[in-house]
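Here is the structure we will look at.
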Amino acid sequence: MARRTPSPRTRFTALRGLAIDDERLARCAAWLGLPPGCGQPNDTGNGRKRPGSTLALLDGPQGAEDSAAWLPPVAAWIEPKTDSDAQPLLAAQTERAGAVDLYINLTTETANDLHLAGRVLTALAARHPLPPDRREDLELALHEAISNALVHGNLEVAGMKELSAAELERFSRDLVRQMANPALAQRRLEVAVTLEPSALAVEVADEGGGFQPTRTDCHGASGRGLDLIATVADSVELRDGGRRIRMRFSL
């Protein structure tokens, strides 16, 4: 998911652990030069509060199931790796998070367990009032894009080509089998949201093999549903060989 990082938009001033052990949180805090805390603005020492956003670190879905975990001042949610490249990768992810207004980077397994589209919408609505019809459009597009990234991208499960019991059984069996593969379940899903005065852009990216759409791919019982997204978004663009979708919505 490497890409050129734009100029910073979000300034992080604290870390918050969501069911991540204290030792690991302290280690990540030292790497990033951020104080671990409860997610409140930091005291400058002269009685005033220093404004800033909080970066939440996860270790699985626990702690992120509560809607309060998706409210300000938290503006980014990252599930750090535990292997040898954990430090440089977390630094790069945090840099990417600072370039947008909301940022999520989780494993496939965690994102699936959290039903992530609803969590993203909670975070969005807390920052920008959403009319009911626009909220429904966003939820539909987010659900479709995130589901595509998880199921068809990271897990490499082919969509249902027809509504039949046999196809449903095949699809369900493939989904369970692929999620049980640690290499696929640990692939990353990234969601990045940029807010503008009268619009927002949402990018959803996966680490799958890519996707080049044809007319038949856009439809079907459980296809990629790009046409469905296009009916509710103002614009839709596929990037990185189909591994990233960028959607723009007027507000």
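Details
- Top-ranked residue of the stretch 73-101 - restricted to ones that are buried (at least 21 other Cβ atoms within 10 Å of the Cβ) and acidic (Asp, Glu), ranked as farthest from residue 58 (Cα to Cα): 101
- Looking across the stretch 33-91, the residues that are β-branched (Val, Ile, Thr) and at pLDDT below 95 come down to 44, 82.
- Exactly one residue out of 159, 153 is over 26 Å from residue 9 (Cα atoms), assigned by TED's automatic domain parsing to the domain that holds residue 230, among the small types (Gly, Ala, Ser) and surrounded by 21 or more Cβ atoms within 10 Å (Cβ to Cβ): that is 153.
- Residue within the stretch 183-206 that is more than 18 Å from residue 250 (Cα to Cα), out of contact with any helix residue (DSSP H, G or I) (no Cβ under 8 Å at 6 or more places or on another chain) and surrounded by fewer than 16 Cβ atoms within 10 Å (Cβ to Cβ) present: yes
- Residue check: residue 173 meets all listed conditions (1) more than 25 Å from residue 124 (Cα to Cα); (2) buried (at least 21 other Cβ atoms within 10 Å of the Cβ); (3) charged (D, E, K, R) but one, namely (2).
- Of the residues screened, residue 60 is one that is on the phi > 0 side of the Ramachandran plot and out of contact with any Asp or Glu (no Cβ under 6 Å at 6 or more places or on another chain).
- Within the stretch 167-198, the set of residues being in contact (Cβ under 8 Å) with a residue 24 or more places away in the chain, assigned to a helix (DSSP H, G or I) and of a type outside the set (Gly, Ala, Ser) comprises 167, 171, 175, 179, 184.
- Exactly one residue among 158, 126 is over 14 Å from the mean Cα position of the chain (by Cα) and farther than 20 Å from residue 186 by Cα, and that residue is 126.
- Against the criterion of being within 21 Å of residue 231 (Cα to Cα) and not hydroxyl-bearing (Ser, Thr, Tyr), residue 130 qualifies.
- If you check 111, 117 for being in the same structural domain as residue 247 (by TED's automatic domain parsing) and either of a type in the set (Ser, Thr, Tyr) or modelled with pLDDT under 95 (or both), only one passes: 117.
The values are calculated or read from the model by the stated rules, or taken from the named source; none is laboratory data. Nothing here was measured: the structure is a model prediction, and the numbers come from that model. Reconstructed Cβ throughout: ideal geometry from the backbone, glycine too, with neighbour counts over all protein chains shown.
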